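> Below is the structure I would like to discuss, written out as structure tokens.
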Amino acid sequence: MSQNHKGDGDNVAGNKKEIHHHYPESYQKPIDLDSPKIQVSKLPHTNSQLFGREDELALLDKAWDANQTNTLSLIAFGGTGKTALMQTWLTNLGDDNYRGANAVYTWSFYSQGSAEDKQASADEFFDAALKWFGYDGEIIKSPHDKGLKLAELINQQRTLILDGMEPLQYPQSGVMDGALRDQGLKTLCLQLAANNNGLILISSRQSVIELDGMHQPKVIPHELAHYRSKPASPYSELIIS
Ligand SMILES: Nc1ncnc2c1ncn2[C@@H]1O[C@H](COP(=O)(O)OP(=O)(O)OP(=O)(O)O)[C@@H](O)[C@H]1O
Ligand SMILES: [Mg+2]
């Protein structure tokens, strides 16, 4: 706790006192002139402390640190904890000054809803992301060219986190077999999967089939199992299985 109290600087008996704040060491935030540019506010809020995801956190750390992975997708049903995992990893990365990333950008498509009849579009994302990553040229009309340009801008030790991508995918059971609906997003994902000095992290309720068949560890599709809400005990195995 600070040793100062409100009122320390009051004029006591006519003598002006200088205010000195004596914060403990841990309160002194170092000024870091090399701080990366970040936008980490778009992930939906997840309220609980992450439980039992040590292996996945290690997988994400490795994907970033080893610099061999271009794209990692977390695939699981709704409520499994994809966003919570990404949020915690991002917070950990932030505690570490983003470990060499020079920019970190988050986006969530989740709020657009995943109903089939809803016309999900990636336009808003492209407009915002292109601007944020520094594009100030003419408006790019072709979705394919938007994808190319954004991929080019991100491919520089940058992290892009796309949450809840399923509204932009056709249902896997349908004729379009789970393909991405948006050409720009498809281009972005394919370009960055092929070549990326940063990392693109995706969460979706269904696998990104465009990335299927690409080689690991360049592209890692990770199916997330349900987390266990209670510490494992000899009996929990029996109850769960
Ligand atoms: N490992 C975990 N430990 C503690 N709480 C968790 C964990 N995983 C998820 N939760 C909690 O469960 C809830 C649902 O998780 P989350 O929103 O991350 O799921 P999701 O897979 O992203 O679902 P959706 O597909 O609907 O976006 C959240 O409140 C989250 O905080
Ligand atoms: Mg989510």
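> Need pairs with beta-carbon distance below 8 Å; first residue aromatic (Phe, Trp, Tyr) and within region 56-85, second within 16 Å of ligand 2 (Cβ to nearest atom); sequence gap 6+ or separate chains.
What qualifies is Phe77/Arg205.
> Another question about this same structure. Restricting attention to region 68-102, report how many residues are surrounded by 14 or more Cβ atoms within 10 Å (Cβ to Cβ), away from ligand 1 (no atom under 13 Å from the Cβ) and closer than 24 Å to Leu211 by Cα.
So the answer is 5.
> Being part of a helix (DSSP H, G or I) and within 16 Å of ligand 2 (Cβ to nearest atom) is the filter here; which residues of region 49-97 pass it?
Scanning region 49-97 gives Glu56, Leu60, Lys82, Thr83, Ala84, Leu85, Met86, Gln87, Thr88, Trp89, Leu90, Thr91.
Readers should treat all values here as calculations from the given coordinates under stated rules, not as data from a laboratory. As the structure is a prediction and not an experimental result, all values here were calculated from the model. We place every Cβ from the backbone using ideal geometry, glycine too, and count neighbours over all the protein chains shown.
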